[in-house]
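No lab work stands behind these numbers, since they all come straight from the coordinates. Because the structure is predicted, anything quoted here is derived from the model rather than measured. Heads up, the Cβs are rebuilt from the backbone with ideal geometry, glycines too, and the neighbour counts pull from every protein chain shown.
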Amino acid sequence: MTIKEQLAKITAQYKKEKGSLIPLLQEVQERLGYLPKKAMQEIARFLEISPVEVYGVATFYNQFRFVPLGKHHIRVCMGTACHLARGKLVLEALERELAIKVGETTKDANFSLERVACVGCCMLAPVMVTGDKIYSRMTPFKVEEALIPYKQEIQQEGSNKGQAS
């Protein structure tokens, strides 16, 4: 199903009014995993507003993503406790290890990196979350070790694909 077809199904549930913009953006992101440019253009067409206005609203709120998340979405807490516990060093170590910046996805689409305000595990600061796994009391030195199972899984999947061919 094309983005245009998917958007037609989604927009059918909404009124053609500006107040529908944020709920539409949220639902599109929930269904597609991010906000593609084409989807924002379709929302603008549906609401009869400028694509620039849709983009302006979407970029104003940090909840919206414009690139698909990687298979392994890594979130690093930068709430007060994690910030004071040097969470920024963990974030920088992840950027180096993955060769991406916060908000980016690796070229192979295996990892994405996000900075979040709080994950609610303040006593375990600094915290990194991947999927439903929480890594506590992280240090830059623990980053490489924490990524090993994910890299092994990716390597194993690559090996299995090679054998299936």
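Descriptive notes on the structure:
- Compared with the dominant principal axis of the Cα atoms in the chain, helix 37-47 is inclined by about 30°.
- Spin-label pair residue 136/residue 101, simplified geometry with 7 Å Cα→Cβ offset, distance in nm: 3.4 nm
- Estimated FRET transfer efficiency (residue 152, residue 2; beta-carbon r; R0 30 Å; 0.05): 0.25
- Of the beta bridges in the chain, as assigned by DSSP with both residues counted there, near 55 percent are antiparallel.
- Measuring max minus min along each principal axis, the C-alpha atoms of the chain give extents of 51, 49, 23 Å (largest first).
- Semi-axis lengths, Å, segment 24-122, gyration tensor of Cα atoms, sqrt of 5 times eigenvalues: 29, 16, 11
- Amide hydrogen neighbours beyond the local backbone of residue 70, cut-off 5 Å, H modeled: 112
- Sorting the segments 130-138, 150-158 by their mean number of nearby beta carbons within 10 angstrom, highest to lowest, gives 130-138, 150-158.
- Summarising the label geometry, the points placed 7 Å from Cα in the beta-carbon direction at residue 62 and residue 13 lie 2.8 nm from one another.
- Residues 54, 67, 119, sorted so that the one with the fewest Cβ neighbours within 10 Å comes first: 67, 119, 54
- Inverting the pair-averaged 1/r between distinct Cα atoms of segment 3-60 gives 10.9 Å as its Kirkwood hydrodynamic radius.
- The chymotrypsin sites (Phe, Trp or Tyr not before Pro) of segment 48-100 that meet both conditions, a loop assignment by DSSP and at most 11 other Cβ atoms within 10 Å of the site Cβ, are 61.
- Relative to the Cα centre, the charge distribution of the chain, modelled as +1 at Lys and Arg Cβ and -1 at Asp and Glu Cβ, gives a dipole magnitude of about 160 debye.
- Dividing the C-alpha radius of gyration of segment 72-164 by 2.2 N^0.38 Å, with N its residue count, gives 1.11.
- Gain in span if fully extended, residue 116 to residue 52, counting 0.36 nm per residue against the direct Cα distance: 20.4 nm
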